[in-house]
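Trainee: Structure in structure tokens, see below.
The values are calculated or read from the model by the stated rules, or taken from the named source; none is laboratory data. All values derive from a computational prediction rather than experimental measurement. Using ideal geometry, Cβ is built from the backbone for each residue, glycine included, and neighbour counts are taken over all protein chains shown. To get the accessible areas, we keep the full protein, side chains included, count just its heavy atoms, and leave off ligands, DNA and RNA. Shrake-Rupley method; radii C 1.70, N 1.55, O 1.52, S 1.80 Å.
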Amino acid sequence: ESTRSTFKRIPFLLLNSVLDTLAFLTGTLNLDLSAAGIPRDPFGSVMITNVGSLGLQEAYVPLVPYSRVPLLLAVGAVERKAVVEGDQIVIARTLGIFATFDHRILDGSHASRMSKTIRAWFADPERYFGPLPPAP
């Protein structure tokens, strides 16, 4: 029985080795392996996951070593909450965005500026992105 379970783990061990090797070649050595079908920067500079589609209001995404991405965002579900607008308490839709960032690359001031920028975008999206196109 133990031999059978060892053979079942071999594909996962091989996959980890392949991913580690690819990360070393493309990230550390900065080799262009696009001829082999591996894009130069397959993950970009941020990964976003929508946990709200799963009904979760919040999530904290762990850093994934082989991705070499310094910033991960988890977007929660839209919910109705009491908020203060001016001097009034009103019911409004709220959306939580949760960030995990690699302190080796980004520090608190970067995260603070990013947070303020995203908050401004969500507070007045038409100002930054223009009006929504009319429905067909």
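Trainee: Check 84, 51, 61 and return the single one that is under 30 Å from residue 124 (Cβ atoms), of a type in the set (Val, Ile, Thr), modelled with pLDDT of 90 or more and open to solvent by less than 50 Å² (accessible area, probe 1.4 Å).
Mentor: The unique qualifying residue is 51.
Trainee: Report, ordered by the first and then the second residue, all pairs with beta carbons closer than 9 Å, sequence separation of six or more or different chains, a first member in segment 21-36 that is free of Cβ contacts under 8 Å to residues at least 40 places away in the same chain and part of a loop (DSSP other than H, G, I, E, B), and a second member that is open to solvent by 80 Å² or more (accessible area, probe 1.4 Å) and charged (D, E, K, R).
Mentor: Listed pairs, sorted by first residue: 30/40; 31/40; 32/40; 33/40.
Trainee: Of the residues that sit in segment 74-98 and are under 29 Å from the mean Cα position of the chain (by Cα) and among the small types (Gly, Ala, Ser), which one is nearest to residue 46 (Cα to Cα)?
Mentor: Taking the candidates together, the pick is 74.
Trainee: Continuing with the same structure: Kindly list, by first and then second residue, each pair from a residue in segment 93-116 that is farther than 19 Å from residue 64 by Cβ to a residue that is part of a helix (DSSP H, G or I) and open to solvent by less than 60 Å² (accessible area, probe 1.4 Å), limited to pairs with Cβ atoms under 8 Å and residues at least 6 apart or on different chains.
Mentor: 95/52
Trainee: Does residue 127 count as over 30 Å from residue 19 (Cβ atoms) and of a type outside the set (Val, Ile, Thr)?
Mentor: Answer is yes for this residue.
Trainee: Can you name every residue in segment 102-123 that is surrounded by 10 or more Cβ atoms within 10 Å (Cβ to Cβ) and outside any helix (DSSP H, G or I)?
Mentor: Once the filter is applied, which keeps residues that are surrounded by 10 or more Cβ atoms within 10 Å (Cβ to Cβ) and outside any helix (DSSP H, G or I), segment 102-123 yields 102, 103, 105, 106, 107.
Trainee: State whether one or more residues within segment 69-92 are polar (S, T, N, Q), in contact (Cβ under 8 Å) with a residue 24 or more places away in the chain and part of a strand (DSSP E or B).
Mentor: Within segment 69-92 (the criterion being polar (S, T, N, Q), in contact (Cβ under 8 Å) with a residue 24 or more places away in the chain and part of a strand (DSSP E or B)), the answer is no, since none of the residues qualifies.
Trainee: In addition: Which members of segment 87-97 meet the condition of being of a type outside the set (S, T, N, Q) and open to solvent by 40 Å² or more (accessible area, probe 1.4 Å)?
Mentor: Passing the criteria: 87, 89, 90, 91, 93, 95, 97.
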